[in-house]
Amino acid sequence: MNSTMQNISVEKVKKSKIEEVDFNNLAFGSVFTDHMLVCDYKDGAWETPKVIPYQPISLDPSAKIFHYGQSIFEGMKAYKDDNNKTWLFRPLENFKRLNISAKRMAIPELPEEFFMEGLKTLLEVDNQWIPQTEGSSMYIRPFIFASGNGFHASPADAYKFIICLAPSGSYFSGKVKVLIEEKYSRSANGGVGYAKTGGNYAGQFYPTQLAVAKGYSQVVWTDDHNHEYIEEAGAMNIFIRIDDTLITGPTSDRILDGITRKSILQLAEKKGIKTEVRKITVTEVIEAAKNGRLKEMFGAGTAAVVSPISGFGYKGVDYDLPELESSFASQIKKDITDIQYNRAEDPFGWRV
Ligand code: PMP
């Protein structure tokens with residue numbers, strides 16, 4: 001790659017729209033800051049990123065993103081501590097994963113400096129927008145898509161890397177009831193499940209709509225072969241607590257290597273919670289639910305951190321999970337958010 005980065009230029013808005021925003025009532029990812037970072041890939045190289053006012057993008061109707069879905073994204077957050085200092089949580093992990101997704105989708109990989117310096121510059125420009133209200137943070141959406149033209153089904157010759165910022169409140173409120181999937185799959189061996197690419201999410205919408213119509217809020221994905229193993233919960237990794245052991249499936253072609261997931265595994269071990277990374281069958285979970293050994297299930301991801309599950313449906317039967325006084329989910333959520341908001345020691349060096 002012959003991309004070299006010059007200084008990032010900043011073009012500021014004439015008038016900020018920050019006054020129009022109610023920071024006490026932020027929904028998730030629906031308000032955007034004044035600026036965005038834009039970086040073009042042309043003639044075989046990434047050009048130096050620039051910060052410009054937040055604005056629509058103009059594309060040719062034949063741009064390959066529209067036809068072949070060549071697109072990838074990341075989801076991360078910035079947090080403000082009580083002293084008004086801004087922190088990122090393991091941002092290099094997001095950068096590395098973006099390039100893992102890029103490789104799988106035949107998108108040119110991005111140099112680390114472009115991502116990290118671009119992100120830091122944008123966060124400095126829109127620093128006033130990072131919410132300080134409890135539970136709120138700045139959701140960061142880096143993405144790359146094929147902006148090059150033509151109906152030929154082959155990788156594009158031009159791409160755009162953009163970062164947008166969305167000051168956000170918390171993602172889910174309350175516990176969710178989930179449906180264990182028996183028919184549809186989100187990914188397959190040899191497929192793109194481990195990449196954060198748009199089509200993975202589009203493909204989830206329809207089965208999720210069917211689950212919602214039945215009164216569930218999310219689908220728990222199972223393996224594409226026999227729908228035998230528990231894999232992910234909606235757009236989150238999943239943890240299952242049987243007795244006092246916290247279990248999650250191993251990452252694979254089909255499962256996204258979640259940063260929250262791996263952080264939880266490290267944190268839980270440090271707290272003395274027994275963890276197991278292994279395949280877990282639907283049958284095992286149902287048996288555990290029946291004999292009272294299933295204590296907790298929760299989703300894990302950047303948006304919600306930890307999203308407790310109140311019960312699940314499978315083959316027409318509903319199973320409830322117990323209400324716990326001090327759940328692993330709530331302990332772990334507190335520990336991670338304390339590190340993210342600089343309220344606690346950071347023994348793993350996760351804060352940047
Ligand atoms: N699985 C899927 C399919 C996801 O989209 C996400 C969100 N990025 C996760 C798991 C959780 O990953 P992370 O903890 O890195 O946000």
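The values are calculated or read from the model by the stated rules, or taken from the named source; none is laboratory data. What you see is a predicted model; the values in this text were computed from it and never measured. Heads up, the Cβs are rebuilt from the backbone with ideal geometry, glycines too, and the neighbour counts pull from every protein chain shown. We work out accessible area using only protein heavy atoms, side chains counted, and drop any ligands, DNA or RNA first. Shrake-Rupley method; radii C 1.70, N 1.55, O 1.52, S 1.80 Å.
I'd like the carbon and sulfur percentage of the solvent accessible area for the chain, probe radius 1.4 Å, heavy atoms only, ligands and nucleic acids excluded. Before the final figure, lay out the partial values.
Values: 7930 of 16280 Å².
Ligands and nucleic acids excluded, carbon and sulfur reach 49 percent.
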Exercise for review: Could you pull out which residues in the range 97-128 have an amide N less than 19 Å from a spot 7 Å beyond the Cα of D257, following the Cα-Cβ vector?
Suggested key: 97-113, 115-116
Review point. Counting every Cα pair in the range 27-108, what percent are over 15 Å apart?
Key: 75
Check your understanding: Which peptide among 4-11, 322-329, 159-166 comes first, and what is the full order, when sorted by highest mean count of other Cβ atoms within 10 Å?
Key -> 159-166, 322-329, 4-11
Review point. What accessible surface, in Å², does a 1.4 Å probe find on H225, ignoring ligands, DNA and RNA and rounding to the nearest 10?
Key: 150
Review point. For K214, which aspartates and glutamates qualify as cross-link partners when the Cα separation must be under 15 Å and same-chain residues fewer than eight apart are set aside?
Key: E181, E182, D318
**Study point:** Electrostatic dipole magnitude of the range 1-152 [Cβ: Lys, Arg +1; Asp, Glu -1; Cα centre; debye, to 20]
**Key:** 300
**Study point:** Peptide ranges 99-105, 83-89 listed from the most packed, as the mean C-beta count within 10 angstrom indicates
**Key:** 99-105, 83-89
**Study point:** Calculated P(r) of the chain - Cα pairs past 40 Å, %
**Key:** 14
Practice item. Mind checking the per residue accessible area of the range 38-186 for me, 1.4 Å probe, whole number of Å²? Key: 43
Study note, to complete from the structure: For the table K80/K120; K80/K160; K85/K196; K270/K334; K42/K96; K50/K85, the rows whose alpha-carbon distance is greater than 19 Å are K80/K160; K85/K196; K42/K96; K50/K85
Study note, to complete from the structure: Taking only the alpha-carbon atoms of the range 135-256, the convex hull volume per residue, in cubic angstrom, is 161
